[in-house]
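Bear in mind these aren't lab numbers, they're just calculated from the coordinates by the rules spelled out. Keep in mind that this is a model prediction, so the values were computed, not measured. Here the Cβ positions follow ideal geometry from the backbone for every residue, glycine too, while neighbour counts run over all protein chains shown.
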2 protein chains.
Amino acid sequence: MSQLKNDRLLRALLREPVDATPVWIMRQAGRYLPEYRETRAKAGNFKTLCMTPELACEVTLQPLRRFDLDAAILFSDILTIPDAMGLGLYFAEGEGPRFERPVRTEADVAKLGVPDPEAELRYVPDAVRLIRRELNGKVPLIGFAGSPWTLATYMIEGGGSDNFARAKTLAYDQPALMHRLLDVLARSVSTYLNAQIAAGVQAVMIFDTWGGVLTSRDYQTFSLQYMRQIVGGLQRENDGRRVPIILFTKNGGQWLESMAESGADALGLDWTVDIANARRRVGGRVGLQGNMDPTMLHAAPARIREEAGSILAAYGSGSGHVFNLGHGITPDVQPEKLGVLVDAVHELSRPYHV
Amino acid sequence: MSQLKNDRLLRALLREPVDATPVWIMRQAGRYLPEYRETRAKAGNFKTLCMTPELACEVTLQPLRRFDLDAAILFSDILTIPDAMGLGLYFAEGEGPRFERPVRTEADVAKLGVPDPEAELRYVPDAVRLIRRELNGKVPLIGFAGSPWTLATYMIEGGGSDNFARAKTLAYDQPALMHRLLDVLARSVSTYLNAQIAAGVQAVMIFDTWGGVLTSRDYQTFSLQYMRQIVGGLQRENDGRRVPIILFTKNGGQWLESMAESGADALGLDWTVDIANARRRVGGRVGLQGNMDPTMLHAAPARIREEAGSILAAYGSGSGHVFNLGHGITPDVQPEKLGVLVDAVHELSRPYHV
């Protein structure tokens, strides 16, 4: 493997000294980029885009050609695992993901097995290998997966949901069945992420998009517990370097202390969290990633710079901070705004790393 | 005014001793009740239901005929104020509230005045007077309003929103204009709530439904600051008793300490907050209202009882707790389930009040 030319991301996640705060953006390979929309049109649909390594590689690299980003993130979807389990993932235009065969009964859960990442999910490690070759050591590549709870909500609801009534009712009325489902998902996610690591990803992020809709106690029981299980089962070295793990629970700001005890190296923060306060609460144990409001990218360039400066100041001196948005970049953002942000982070963060 | 026969709610909000934990439910007068759906059908549409005191009174009283609730809450809508300001509120079937004339420019804001509650909003105090007469002291009547920030989001977006891009961009790029809008809204809410109090409401709740989508700093600046201004301007006595004020920011669990310093008597908690932890953080200064997951009402009766017991145990001994859901009851709940909950709260809470 080629020597990594920019290792700010890996160093910051492990709280090792850096010259400037690294920055990457959730959904940086996405619809706000005209070249992404072009590649997606060529693919015909979103699923084909995810499942064709050459196309996934192309869109992964697109934002790096425009912006001075410190990491690439594998272009994929969190629902590849349930799809490989046979649920029949499809994307209804303008409606988000759907499953043809949702999981609702004991018999449905009994049928689920752990997918083989180098068989049913082969297109994912294939994309990782291709991207690593094309990146040629420019920046590290981040792999990812959805959390077991988050995957379970889509699998039970059959798609997105406003209040997760089906998923929660299953958890409330049939907790043993829910735990069986979460366990097979946790084993699947571990296997899948280890395959991504073996194929070459240099850091890993677990997206717990819907852990924040649970009560505090149920978050521990149904979400965090299984993320801890995954973290404990991951291969933590690649190319002779530690593979840092980032845990991100959207709306999880109340639970940072227990997330910091999960074994993860860093925590993702959404924009509702005061990052200065978060660092006081957990900064000695884990790195922090985030946390600008994605909507700030609609504001004027000077305001974006000001906000970046204010988040950097709130985190303060020393390593351990990876700049990012608090959630994915939205399709209606002008690409130039992201350039303003990335440059502002590098420029304004230098005084905090002297 | 007639003597109040059940004053548990008022006592608990002020942390005075009670014999059992009082309980009422957000949206207790709502679509899950067949008799509500019947009255609404008679009214023809939601707006007429809100604006006709006899009908608003009828639906306010309906849940009290079924369940042993410790409070009535005025049936109304948080968007009555912007409607009275001339924005043209309407409800598109199955789509939520919309405004014909959203507020987007300096000229739009300049046109807004403080509505006279006994003129343009006369139907609200009229409903309060009627409900108080019909209640005849059975339980206290709660009045309410939306927070300035929450009202502003609807007024700017022209309805609901996924990411509040318009409202936030206005706050980010034109903060002075946003503050002018929030100031006229804060004065309008104060005047409106004082009119409700003068007409007879015995407690007041401010619904900050969308404060939780802000960053920590912007929450203080654009939401909490104006709620504090309102609290400071309210008439705090009625019938010779203190009128307690409840502040509820959905997704505000990270900011309870600053909310407790707002001058409010009690804080509403959504279901993501650990109520034991909340009491440790602020319990000595304010009462707490909440906080069962509304989705729990889909579970089996025994599970609902267990959850009620677990929340009561988490709050612990002594007064200061008003049981409620962490958000409004949903239309798909079977009414009997609410009966199970209300009875469980009264029965299971007695040991904590000896």
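Please state the Cα pair-distance histogram of the stretch B:1-110 with 10 angstrom bins from zero: what percent is in each bin?
Answer for the stretch B:1-110: a P(r) of 12, 34, 28, 19, 7, 0 percent.
What number, in percent, do you get for the relative contact order of the stretch A:200-354 if the mean sequence gap of Cα pairs under 8 Å and at least 6 apart is divided by its residue count? Please report the intermediate quantities before stating the final value.
Numbers: 235 pairs, mean separation 30.0, N = 155.
Contact order relative to length: 19 percent.
If every alpha-carbon in the stretch B:110-247 counts as one equal scatterer, what log10 I(q)/I(0) does Debye give at q = 0.10, 0.15 1/Å?
Result of the Debye calculation: -0.36, -0.74.
Give the relative contact order (percent, whole number) for chain B; include only Cα pairs under 8 Å separated by 6+ residues. Please list the in-between numbers first.
On the way: 686 pairs, mean separation 81.5, N = 354.
Reported as a whole number, the value is 23 percent.
Using a/c under 1.5 as the rounded threshold, could you call the stretch B:181-225 rounded, prolate or oblate? The axes a ≥ b ≥ c are square roots of the C-alpha gyration tensor eigenvalues, and prolate needs a/b larger than b/c, oblate otherwise.
Numbers: a/c = 3.71, a/b = 2.00, b/c = 1.86.
Here the stretch B:181-225 falls in the prolate category.
Against the 2.2 N^0.38 Å scaling, with N counting residues, where does the protein assembly as shown land? I'd like the Cα-based Rg ratio to two decimal places. Intermediate results must be reported in sequence, preceding the final value.
Values: Rg = 26.2 Å, N = 708, 2.2 N^0.38 = 26.6 Å.
Here the Cα radius of gyration is 0.98 times the empirical estimate.
When only C-alpha pairs under 8 Å and at least 6 residues apart count, what is the relative contact order of the stretch A:1-145, in percent?
Values: 173 pairs, mean separation 45.5, N = 145.
For the stretch A:1-145, the relative contact order is 31 percent.
Using only the Cα atoms, work out Rg/Rh for chain B, with Rh taken as the Kirkwood radius, to two decimals. The partial results should precede the final answer.
On the way: Rg = 19.2 Å, Rh = 20.3 Å.
Rounded to two decimals, Rg over Rh is 0.94.
Quickly work out the B:A176-to-A:A198 label distance, labels modelled 7 Å from Cα along the C-beta direction, and quote it in nm with one decimal.
The modelled label-to-label distance comes out at 6.3 nm.
In a solvent-free Debye calculation with one equal scatterer on each Cα, what is log10 I(q)/I(0) for the stretch B:203-354 at q = 0.15 Å⁻¹, listed in the order of the q values?
Here the Debye-derived log intensity ratios amount to -0.81.
May I ask for log10 I(q)/I(0) of the stretch A:115-164 at q = 0.17 Å⁻¹, from a Debye sum over the Cα atoms as equal point scatterers with solvent left out?
So the normalised log intensities work out to -0.71.
What FRET efficiency, computed as 1/(1 + (r/R0)^6) with R0 = 25 Å and r the Cβ-Cβ distance, is obtained for B:N136 and B:R66, rounded to the nearest 0.05?
Working: r = 18 Å, r/R0 = 0.71.
After rounding, the FRET efficiency stands at 0.90.
If you look at just the Cα atoms of the stretch B:198-292, how large are its Rg and its Dmax in Å?
13.1, 40
Multiplying the sequence separation of B:R217 and B:E237 by 0.36 nm and subtracting their Cα-Cα distance, what value in nm do you get? Can you show the working numbers first?
Details: separation 20, 0.36 × 20 = 7.20 nm, distance 3.27 nm.
Taking 0.36 nm per residue and subtracting the Cα distance, the gain is 3.9 nm.
Under unit Cβ charges (Lys, Arg +1; Asp, Glu -1), what dipole magnitude, rounded to 20 debye, does the protein assembly as shown have relative to its Cα centre? Show your work: numbers first, answer last.
Numbers: 78 positive and 82 negative charges, 164 e Å.
Charge dipole, the protein assembly as shown, about its Cα centre: 780 debye, nearest 20.
Which whole-Hz ³J(HN,Hα) couplings does the stretch A:22-30 yield from phi under the Karplus relation 6.51 cos²θ - 1.76 cosθ + 1.60, θ = phi - 60°, glycine and proline marked x?
For the stretch A:22-30, the Karplus-derived couplings read x, 9, 9, 10, 4, 6, 4, 8, x Hz, x marking Gly and Pro.
Taking amide H positions as placed in the peptide plane 1.01 Å from N, state which residues far from A:R122 in sequence (5 or more) or on other chains have amide H under 5 Å from it.
none
Net charge near A:G252, counting Lys/Arg +1 and Asp/Glu -1 over other residues with Cβ under 15 Å of its Cβ?
Values: positive: A:R217, A:R228, A:K250, A:R281; negative: A:D208, A:D218, A:E257, A:E261, A:D270, A:D274, B:D270, B:D274.
Summing Lys/Arg as +1 and Asp/Glu as -1 gives -4.
First select every other residue whose beta carbon is under 12 angstrom from the beta carbon of A:L61; then total the charges, Lys and Arg +1, Asp and Glu -1. Let's see the in-between values first.
Numbers: positive: A:R65, A:R66, A:R132, A:R133, A:K138; negative: A:E35, A:E54, A:E58, A:E134.
Here the count lands on +1.
Return the distance in nm (one decimal) between the two label points of a simple spin-label model at A:R31 and A:E306, each offset 7 Å from Cα along Cα→Cβ.
Each label point lies 7 Å from its Cα, and together they span 3.0 nm.
Just from its helices, what would the mean residue ellipticity at 222 nm be for chain B, if runs of 4 or more DSSP H residues each count -39500 (n - 2.57) and the sum is divided by every residue, rounded to the nearest 500 deg cm²/dmol? Don't skip to the answer; put the middle values down first.
Values: 14 runs with 149 residues, N = 354.
That calculation yields -12500 deg cm²/dmol at 222 nm.
Can you check what the net charge comes to around A:R15, using other residues whose Cβ is under 13 Å from the Cβ of A:R15 (Lys, Arg +1; Asp, Glu -1)?
On the way: positive: A:R8, A:R11, A:R242, A:R279, A:R285; negative: A:E16, A:D265.
Once all neighbours under 13 Å are counted, the net charge is +3.
Let's test this: bin the Cα-Cα distances of the stretch B:278-354 at 5 Å from zero up to the farthest pair and state each bin's percent.
3, 16, 28, 24, 16, 9, 4, 0
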